[in-house]
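Chemist: This is the structure I want to talk about, given as structure tokens.
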Amino acid sequence: MRFDVLTLFPEMFTGPLGASIIGKARERGLLSVEIWNIRDYALDKHRTVDDTPYGGGAGMVLRPDVLVRAIEAVRGDSDAPVVYLTPQGRLFSQEIAAELAQLPRLILVAGHYEEIDERVRQHWVDWELSIGDYVLTGGELPAMVVIDAVARLLPGVLGTESSLQDESFQDGLLDYPQYTRPASFRNLQVPEVLLSGHHEQIRRFRLKESLRRTLLRRPDLLQTRALSAEESKILTELIEEHSCEGRVNGSGPYQDD
Ligand code: 4G4
């Protein structure tokens, strides 16, 4: 898969996308990331990319002529969709990542400080995405988040070591807790069942702890996910186990275990 990013700060992309798993995958040719400087598409001698907003007001707006010249030059005659990263976009999710991973190519527009001209949004941008309800100085980090989330779903990018098998969101539940040696650390013990070698008991323990975490941290996920008979039974046990712990959810950071 090919990602193209249009930005005024190309240097922001060198570190994160060149390191670790994504860097290796790029070296192996499993994906490519091309970074384009929007300023290279300004034609005046000062290479101006922005101007004051019509109607007045604070801030600057990215000029439509410069940005569209960049988009059209990068897109060429391809039909690659253009994604604009903005807090006003649709909330990015694992589901959207999986959809984007089916595409051969994606063009990402990362604005910085300033909005882009509305006409570009309406006529050249296919999807507006937001990585969450918070404001950053630019769309560069969101673009990298989207690339990372999509890239790791591409065939061959993750080794067997960091496989997609058991992770959070894979089946709509949060991940179960993990432990490694030593079995006793500062007198804190690894749950007995995990040392037992009883695979069926281990599977049930992990399922229960997945459900516990989901119930305590993300009960919203249980609203949308269908539960098997076994899961419903465990969930009933858990609700009973935690029934005395009245808590206010959704305000402040959680500390549930
Ligand atoms: C405010 C308004 C995306 C901030 C417009 C971009 C967060 C996200 C910005 C913009 C961003 C997100 C699109 C230029 C830039 N912050 N939640 N910062 N632009 O995905």
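Chemist: Mind listing just one residue for me: the one in region 99-114 that is among the small types (Gly, Ala, Ser) and touching a helix residue (DSSP H, G or I) at 6+ places or on another chain (Cβ under 7 Å) and, of those, most open to solvent (accessible area, probe 1.4 Å)?
Modeler: Of all residues in region 99-114, those among the small types (Gly, Ala, Ser) come to 101, 110-111.
Subset that is touching a helix residue (DSSP H, G or I) at 6+ places or on another chain (Cβ under 7 Å): 101, 110.
Numbers: ALA101: 19, ALA110: 2 Å².
Going through the qualifying residues, I end up with ALA101.
Chemist: Can you tell me which residues in region 54-63 are open to solvent by 70 Å² or more (accessible area, probe 1.4 Å) and either among the hydrophobic types (A, V, I, L, M, F, W, C) or over 12 Å from ILE116 (Cβ atoms) (or both)? Please lay out each step first, then the result.
Modeler: If we filter region 54-63 for residues that are open to solvent by 70 Å² or more (accessible area, probe 1.4 Å), which is where we start, we get 54-55, 58, 60, 63.
If the condition is that a residue be open to solvent by 70 Å² or more (accessible area, probe 1.4 Å) and either among the hydrophobic types (A, V, I, L, M, F, W, C) or over 12 Å from ILE116 (Cβ atoms) (or both), then TYR54, GLY55, ALA58, MET60 are the ones that fit.
Results for (1) surrounded by fewer than 16 Cβ atoms within 10 Å (Cβ to Cβ); (2) within 30 Å of ASP148 (Cα to Cα); (3) at pLDDT 95 or above, shown as yes or no for each residue.
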residue	(1), (2), (3)
THR160	yes, yes, no
GLU167	yes, yes, no
PRO177	yes, yes, yes
SER184	yes, no, yes
VAL193	yes, no, yes
GLN201	yes, no, yes
LEU211	no, yes, yes
PRO219	yes, yes, yes
GLY252	yes, yes, no
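Chemist: Can you tell me which residue within region 129-155, out of those that are among the β-branched types (Val, Ile, Thr) and under 22 Å from GLN102 (Cβ atoms), is nearest to the ligand (Cβ to nearest atom)?
Modeler: In this case the residue turns out to be ILE131.
Chemist: Of the numbered conditions (1) at positive phi; (2) assigned to a helix (DSSP H, G or I), GLY172 fails exactly one; give the number of that condition.
Modeler: The one condition GLY172 does not meet is (2).
Chemist: Can I ask one more? Can you find a residue that is part of a loop (DSSP other than H, G, I, E, B) and without any contact (Cβ under 8 Å) to a residue 12 or more places away in the chain anywhere in region 103-117?
Modeler: No, the conditions are met nowhere in region 103-117.
Chemist: If you take the residues in region 22-37 that are part of a helix (DSSP H, G or I) and free of Cβ contacts under 8 Å to residues at least 60 places away in the same chain, which one is surrounded by the fewest Cβ atoms within 10 Å (Cβ to Cβ)? It would help to see each step written out before you state the result.
Modeler: In the first step, residues of region 22-37 are kept if they are part of a helix (DSSP H, G or I); the result is 22-27.
Still in the list and also free of Cβ contacts under 8 Å to residues at least 60 places away in the same chain: 23-24, 26-27.
Details: GLY23: 14, LYS24: 13, ARG26: 17, GLU27: 9.
If we take residues in region 22-37 being part of a helix (DSSP H, G or I) and free of Cβ contacts under 8 Å to residues at least 60 places away in the same chain, then GLU27 is surrounded by the fewest Cβ atoms within 10 Å (Cβ to Cβ).
Okay, residues lined up against (1) open to solvent by less than 40 Å² (accessible area, probe 1.4 Å); (2) modelled with pLDDT under 95; (3) within 16 Å of the ligand (Cβ to nearest atom):
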site: MET12; (1), (2), (3): no, no, yes
site: SER20; (1), (2), (3): no, yes, no
site: ASP65; (1), (2), (3): no, no, no
site: ARG69; (1), (2), (3): no, no, no
site: ARG75; (1), (2), (3): no, no, no
site: VAL83; (1), (2), (3): yes, no, yes
site: PRO87; (1), (2), (3): no, no, yes
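Chemist: Now a separate question. I'd like the full set of residues that are touching a helix residue (DSSP H, G or I) at 6+ places or on another chain (Cβ under 9 Å), more than 23 Å from ALA42 (Cα to Cα) and in a loop (DSSP other than H, G, I, E, B), limited to region 62-92.
Modeler: Across region 62-92, the qualifying residue is only PHE92.
Chemist: Another one. Would you confirm whether any residue within region 151-162 is under 24 Å from the mean Cα position of the chain (by Cα), touching a residue at least 40 places away in the same chain (Cβ under 8 Å) and in a helix (DSSP H, G or I)?
Modeler: Yes, that holds for at least one residue.
Chemist: Follow-up. Among the residues of region 97-109, which ones are within 12 Å of the ligand (Cβ to nearest atom) and within 15 Å of the chain's Cα centre (by Cα)?
Modeler: Result: LEU108, single match.
Chemist: Next question, about the same structure. Give the residue, chosen from ASP40, ASP126, ASP117, that is surrounded by fewer than 18 Cβ atoms within 10 Å (Cβ to Cβ), farther than 23 Å from GLY18 by Cβ and either of a type outside the set (Lys, Arg) or within 15 Å of the ligand (Cβ to nearest atom) (or both). Full working, then the answer.
Modeler: Numbers: ASP40 fails: farther than 23 Å from GLY18 by Cβ; ASP117 fails: surrounded by fewer than 18 Cβ atoms within 10 Å (Cβ to Cβ).
The unique qualifying residue is ASP126.
The values are calculated or read from the model by the stated rules, or taken from the named source; none is laboratory data. Not measured: the values here are computed from a predicted model. FYI the Cβ positions are ideal-geometry reconstructions off the backbone, even for glycines, and counts take in every protein chain you see. Just the protein is used for accessible areas: all its heavy atoms, side chains included, with ligands, DNA and RNA removed. Shrake-Rupley method; radii C 1.70, N 1.55, O 1.52, S 1.80 Å.
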